[in-house]
Amino acid sequence: SQTIHQWPATLVQPVGSPLSLECTVEGTSNPNLYWYRQAAGRGLQLLFYSVGIGQISSEVPQNLSASRPQDRQFILSSKKLLLSDSGFYLCAWSSGGRGTGELFFGEGSRLTVL
Amino acid sequence: DQQVKQNSPSLSVQEGRISILNCDYTNSMFDYFLWYKKYPAEGPTFLISISSIKDKNEDGRFTVFLNKSAKHLSLHIVPSQPGDSAVYFCAASDSGTYKYIFGTGTRLKVLA
């Protein structure tokens, strides 16, 4: 069966420090991969998605970036964190074609920027 | 530009009664819709979906209704149980893209 893992689960970082959140999917190949963020009291905001190795689509211009160095690995990064980057970050995957299947989410990573 | 809207931030329902959660969308290209349930500090879990070629889909206690002309969908939970207390998100996608757009969520509280 397919599983998705993301880490770390919790992170407290000072303003201006770098960030790296990692996500891996097991049990499937060539998944579509997604990063979402849930800020306090807000919905799920789509940040990035990828449909293949090295291919990244950005939805929200900001100081975050994403990379997909391997088929089932998706990384969210920042060189310098802002206070507004605090939130609950969720990695997700889907299979198959465009926008017609379920999204499966990881456990989430809570980022607090101080 | 909020393409998917859940206008009720919270809803309280008595155990055993029906819970109705609503969702509106603006993009007429959306043709696939999903509902997710989320507990605090966890990832959302999939509940039920519906394609735009249907107007109703049922799965146990959960039924989703789609009104394409009104650009509105709703999730009915019957009977509601205390374990249903969570935040519910609706999501929409366009089969021409890979993007899934989520609403802001409705917090459901089922009272015992």
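The values are calculated or read from the model by the stated rules, or taken from the named source; none is laboratory data. Here the structure is a predicted model, which means the values were calculated and not measured. Ideal geometry is used to build each Cβ from the backbone, glycine not excepted, and the neighbour counts take in all protein chains shown. Protein only, heavy atoms only, side chains kept; ligands, DNA and RNA dropped before computing areas. Shrake-Rupley method; radii C 1.70, N 1.55, O 1.52, S 1.80 Å.
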Among the residues of region A:87-109, are any more than 12 Å from chain B (Cβ to nearest Cβ) and of a type outside the set (Gly, Ala, Ser)?
no
Going by the structure shown, is A:ASN63 free of Cβ contacts under 8 Å to residues at least 24 places away in the same chain and either open to solvent by less than 70 Å² (accessible area, probe 1.4 Å) or closer than 27 Å to B:THR106 by Cβ (or both)?
yes
Within region B:20-35, the residues that are open to solvent by less than 70 Å² (accessible area, probe 1.4 Å) and either assigned to a loop (DSSP other than H, G, I, E, B) or free of Cβ contacts under 8 Å to residues at least 12 places away in the same chain (or both) are B:ASN27, B:PHE30, B:ASP31
Of the residues in region B:100-112 that are over 10 Å from the mean Cα position of the chain (by Cα) and not in a strand (DSSP E or B), the one that is farthest from A:ASN30 (Cα to Cα) is B:ALA112
Can you find even one residue in region A:10-26 that is modelled with pLDDT of 95 or more, open to solvent by 50 Å² or more (accessible area, probe 1.4 Å) and within 13 Å of chain B (Cβ to nearest Cβ)?
yes
Of all residues in region B:78-99 being open to solvent by less than 20 Å² (accessible area, probe 1.4 Å) and not in a strand (DSSP E or B), which is nearest to the other protein chains (Cβ to nearest Cβ)?
B:ASP84
With the checklist (1) of a type outside the set (Ser, Thr, Tyr); (2) over 28 Å from A:GLY41 (Cβ atoms); (3) touching an Asp or Glu at 6+ places or on another chain (Cβ under 7 Å) in hand, flag the one item B:VAL78 doesn't pass.
(3)
Could you list all residues from region A:27-54 that are closer than 25 Å to B:LYS37 by Cβ, of a type in the set (A, V, I, L, M, F, W, C) and open to solvent by less than 50 Å² (accessible area, probe 1.4 Å)?
A:LEU33, A:TRP35, A:ALA39, A:LEU44, A:LEU46, A:LEU47, A:PHE48
Could you please find all residues in region B:9-19 being at pLDDT 95 or above and either within 14 Å of another protein chain (Cβ to nearest Cβ) or open to solvent by less than 70 Å² (accessible area, probe 1.4 Å) (or both)?
B:SER10, B:LEU11, B:VAL13, B:GLY16, B:SER19
Any idea how many residues of region B:81-100 are at pLDDT below 95 and under 17 Å from A:GLY41 (Cα atoms)?
0
